[in-house]
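The values are calculated or read from the model by the stated rules, or taken from the named source; none is laboratory data. A quick note: this is a predicted structure, and the numbers were derived from the prediction, not measured. Here the Cβ is made from the backbone with ideal geometry for all residues, glycine too, and neighbour counts use every protein chain on show. Each accessible area value is taken on the protein alone, full model and side chains, heavy atoms only, with ligands, DNA and RNA left out. Shrake-Rupley method; radii C 1.70, N 1.55, O 1.52, S 1.80 Å.
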Amino acid sequence: MSSQNIYILGIESSCDDTAASVIYNGKILSNVIASQKIHEEYGGVVPELASRAHQQNIVPVVHQALEKAGITKDKLHAIAFTRGPGLMGSLLVGTSFAKSFAYGLNIPLIDVNHMQAHILAHFIDEEGFNKPSFPFIAMTISGGHTQIVEVKNHFDMTVIGETIDDAVGEAYDKSGKILGLGYPAGPEIDKRAQKGNPKAYQFTKPKVDGLNFSFSGLKTAILYFVQREVKANPNFIEENLNDICASIQYTIIGILIDKLKLATKQTGIKQIAIGGGVSANSGIRQALKDGEQKFGWITYVPKFEFTTDNAAMIVIVGYLKYLKGDFSEQNVTASARLKI
């Protein structure tokens, strides 16, 4: 099968980005994303608005992906799509479109697990980026997920740690809200953290057994800390914003790195690959680089455009499944809580 010239279209609609991508034998030809600005005024994703926006965006986004790839739809060998996890209304739009499109073209349909896709984004052929070899530890960090996964091969993965409450991206966004920053707050906190003193303020790291995470207690601690300081000095936030951001970021990265150290100790695996939107964070990237020096880790961070929700990561999984002949039936349904 692999000797064929294979074109696959991938569709991603798990949250608030409508995305489509075309792959040709492992090489990404197009990766189109339509982001939804409407959620910014609400300080978080509104599921009902997200699914409506997907309905408006999906046809133009797919059209653009095919156009950028320089192919027509009759050249496609399969359609891959995000089945879950994610927001149900959003997933339904992508799932229904993919099923209809594959049915109309009479080509295979391939369902993809969004969390596996964040990990397998590392296998996209991209110049200057190495692919991890098996086994490796993957850490997926985003607005909706925080997981540590032991990856034995493309489709043999075991979750060995995950958050018991909030995701790491949520901790960034809620902290940002407390400080009066816009949504999403992660990039702004990261930018300000680079100008501040990471040890200006101390926040206690939550004590969670094993490889699991908890961020809700940290969020509450930051809220109480800011309220207390603002009561004493109403200008506290603006006078110390960079230091506050640096201290929050230092604490969050410390939590992530501590768990990675434990994961490598428990498994004996020193290869670490990260993915998900929060992996774009400069502090985390630097901490991983430091880990290479301190602990002998070999670390992998995908190209920036493949870290946030995108369809290139969906279509690379589609391609790997196509080579195995692992196709879906037309009666496949979206699943909001799909597990790895």
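Brief remarks on what is shown
- Looking across the range 261-287 at every residue that is in contact with a Leu (Cβ under 8 Å, 6 or more places away or on another chain) and closer than 20 Å to residue 145 by Cα, the one that is most open to solvent (accessible area, probe 1.4 Å) is identified as 262.
- Matching residues in the range 169-183 - criterion: being of a type outside the set (S, T, N, Q), buried (at least 21 other Cβ atoms within 10 Å of the Cβ) and in contact (Cβ under 8 Å) with a residue 60 or more places away in the chain: 169, 171, 172, 173
- Just one of the listed residues (184, 206, 198, 132) is part of a loop (DSSP other than H, G, I, E, B) and under 17 Å from the mean Cα position of the chain (by Cα), namely 184.
- Across the range 192-239, the number of residues qualifying as without any contact (Cβ under 8 Å) to a residue 24 or more places away in the chain and within 30 Å of residue 263 (Cα to Cα) comes to 6.
- Just so you know, in the range 11-38 the residues that are at pLDDT 90 or above and out of contact with any helix residue (DSSP H, G or I) (no Cβ under 7 Å at 6 or more places or on another chain) include one that is surrounded by the fewest Cβ atoms within 10 Å (Cβ to Cβ), and it is 27.
- Looking only at the range 102-158, and only at residues there that are over 19 Å from residue 279 (Cβ atoms) and polar (S, T, N, Q), the one that is most open to solvent (accessible area, probe 1.4 Å): 106
- Test for residue 251: is it more than 20 Å from the chain's Cα centre (by Cα) and either without any contact (Cβ under 8 Å) to a residue 60 or more places away in the chain or not in a loop (DSSP other than H, G, I, E, B) (or both): yes
- Annotation note: Cβ proximity below 7 Å between a residue of the range 52-69 that is touching a residue at least 40 places away in the same chain (Cβ under 8 Å) and within 13 Å of residue 32 (Cα to Cα) and a residue that is of a type in the set (Phe, Trp, Tyr) and open to solvent by less than 80 Å² (accessible area, probe 1.4 Å) (sequence gap 6+ or interchain) occurs for 58/97.
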